[in-house]
């Protein structure tokens, strides 16, 4: 939702990667930013309107990004996509970082404009995407947010580390950071931050994206 500079860049990037993309905007003229080579769908309307979302085939969507110019519209559209249509991978752009904690408590990952990059937004939408937050001076070690598949919900952090041979540095839960203890359980909505050697990150991403092995 939103075909400004951010939305059009995202749409074209996703389309070039082979994804089917639908773009929603209230102004038809905004779609000119996509260029003549864009092969996706364009839908004129409000991104939080259910009929508009259905026209954009939200029922088939793997992910939804709300990147219009309004915080309230973005969070409302993101909530409708997740809560009404069951889209699992949802992210909302916000202009007011002070609202981030409120949105986090609603279970909607947000990216503030002041630190927005195309890579951050894409990595929150696509599978096996980590979002690096710190790299050591040598470039060999990274702390990165890595999404965990729903199947890990209810597992202890220590068990996840053991199964995946990874080190979870901290969690973000309801907008607040916490260092997991031996009995901390992974909950729906938790954001997991992993400390890993840079070359080991793809292996961890792949394991986290899969359901845990059955015992």
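Observations, loosely collected:
- In this structure, residue 133 does not qualify as more than 19 Å from residue 7 (Cβ to Cβ) and at pLDDT 70 or above.
- Positions within region 67-88 being crowded, with 18+ Cβ neighbours inside 10 Å and touching a residue at least 40 places away in the same chain (Cβ under 8 Å), in sequence order: 67, 68, 73, 74, 77
- Of residues in region 15-56 being closer than 16 Å to residue 5 by Cα and part of a helix (DSSP H, G or I), the one nearest to the chain's Cα centre (by Cα): 15
- Hits in region 181-200 - residues which are closer than 19 Å to residue 154 by Cα and within 22 Å of the chain's Cα centre (by Cα): 185, 186, 187, 188, 189, 190, 191, 192, 193, 194
- Matching option when the condition is in contact (Cβ under 8 Å) with a residue 24 or more places away in the chain, in contact with a helix residue (DSSP H, G or I) (Cβ under 7 Å, 6 or more places away or on another chain) and not in a loop (DSSP other than H, G, I, E, B), among 204, 163: 204
- Residue match in region 169-176 (condition: farther than 20 Å from residue 109 by Cβ, out of contact with any helix residue (DSSP H, G or I) (no Cβ under 9 Å at 6 or more places or on another chain) and touching a residue at least 24 places away in the same chain (Cβ under 8 Å)): no
- Filter pass, residue 153 being in contact with a helix residue (DSSP H, G or I) (Cβ under 9 Å, 6 or more places away or on another chain) and at pLDDT 85 or above: no
The values are calculated or read from the model by the stated rules, or taken from the named source; none is laboratory data. Nothing here was measured: the structure is a model prediction, and the numbers come from that model. Using ideal geometry, Cβ is built from the backbone for each residue, glycine included, and neighbour counts are taken over all protein chains shown.
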